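First up is the structure itself, then whatever we jot down about it.
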Amino acid sequence: SQTIHQWPATLVQPVGSPLSLECTVEGTSNPNLYWYRQAAGRGLQLLFYSVGIGQISSEVPQNLSASRPQDRQFILSSKKLLLSDSGFYLCAWSRAGNEKLFFGSGTQLSVL
Amino acid sequence: AQRVTQPEKLLSVFKGAPVELKCNYSYSGSPELFWYVQYSRQRLQLLLRHISRESIKGFTADLNKGETSFHLKKPFAQEEDSAMYYCALRGGSEKLVFGKGTKLTVNP
């Protein structure tokens, strides 16, 4: 069976510090991978998605970047966090051509 | 551009009452529409998709291309239906765009 792991579950970081959130998928190959941010009043905002290694599509201009160094690994990064980067970040995967997304448990990021 | 609008941030009904969660979309092509649900302390998960024309947990949703809507309906709400509901659209690519969500509370 397929599983998705996302860590850490919570993270408190000072403004200006770097960020690295990791997401891995097991039990499938060549998945589509997604990073979403869930914020109160703003719903579920698509940040990045990837259909293959090294292929990243960015949806909104922001202080964040994403990378896919391996087939089942998706990393969300920032060189210098801003206060506005605080939020709940969700990783998700789907089979290519299949719209059903499977979500991770999320990371609550607080930038202070 | 793909856009999904859920006009109601909060919706509160009594148990046994009908419920309708509204969703409107904007997309120039032929869209695929979905409803996702997040129950308390659970992960976000797919509830239903328009191409399946299915009823899940008593919920149905009909795609109305003329009104560009995909409202979620249930004739008799149950307390366990209380959750956050997201409407989502996929239009010709692998990305799925979500609305802002509606928090449904079913009161006893």
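Coordinate-derived values only; no laboratory data. Keep in mind the model is a prediction, meaning the values are calculated, not measured. When we count neighbours, we look across all protein chains shown, and the Cβ atoms used for this are built from the backbone with ideal geometry, even at glycine.
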Hey, how much of the P(r) for the stretch A:2-89 falls beyond 23 Å, as a percent of Cα pairs? 20 percent
Can you compute log10 of I(q)/I(0) for the protein assembly as shown with the Debye formula, treating each Cα as one identical point scatterer, at q = 0.11, 0.12 Å⁻¹? -0.55, -0.65
Just in the stretch B:8-61: which chymotrypsin sites (Phe, Trp or Tyr not before Pro) are loop by DSSP and have at most 13 other Cβ atoms within 10 Å? B:Y39
Here the FRET efficiency for B:T105 versus A:Q55, based on Cβ atoms and R0 = 35 Å and rounded to 0.05, is 0.30
What is the magnitude of the charge dipole of chain A about its Cα centre, with +1 placed on the Cβ of each Lys and Arg, -1 on the Cβ of each Asp and Glu, and no other charges, expressed in debye to the nearest 20? 120 debye
Only Cα pairs within less than 10 Å get springs; with that Gaussian network setup on chain B, which residue of B:R41, B:R53, B:R90 has the largest fluctuation? B:R41
Under a Gaussian network model of chain B whose springs join Cα atoms within less than 10 Å, the largest fluctuation of B:K22, B:K74, B:K65 belongs to B:K65
How many percent of all Cα-Cα pairs in the stretch B:2-55 sit more than 15 Å apart? 64 percent
Among A:V60, A:S78, A:G43 - extreme Cα towards positive end, dipole of the stretch A:36-80, charges at beta-carbon: A:S78
Provide Rg and Dmax in Å for the stretch B:41-108, with only Cα atoms included in the calculation. 12.9, 42
If contacts are Cα pairs under 8 angstrom and at least 6 residues apart, what is the relative contact order of chain A in percent? 36 percent
Nearest 0.05, what FRET efficiency do A:N98 and A:S17 give at R0 = 35 Å with Cβ-Cβ as r? 0.40
Scan the stretch B:3-108 for GluC sites (Glu not before Pro) in coil per DSSP, keeping those whose Cβ has at most 12 other Cβ atoms within 10 Å, and list them by number. B:E54, B:E67
With springs connecting C-alpha atoms under 10 Å apart, model chain B as a Gaussian network and identify which of B:A88, B:A77, B:A17 has the largest mean-square fluctuation. B:A17
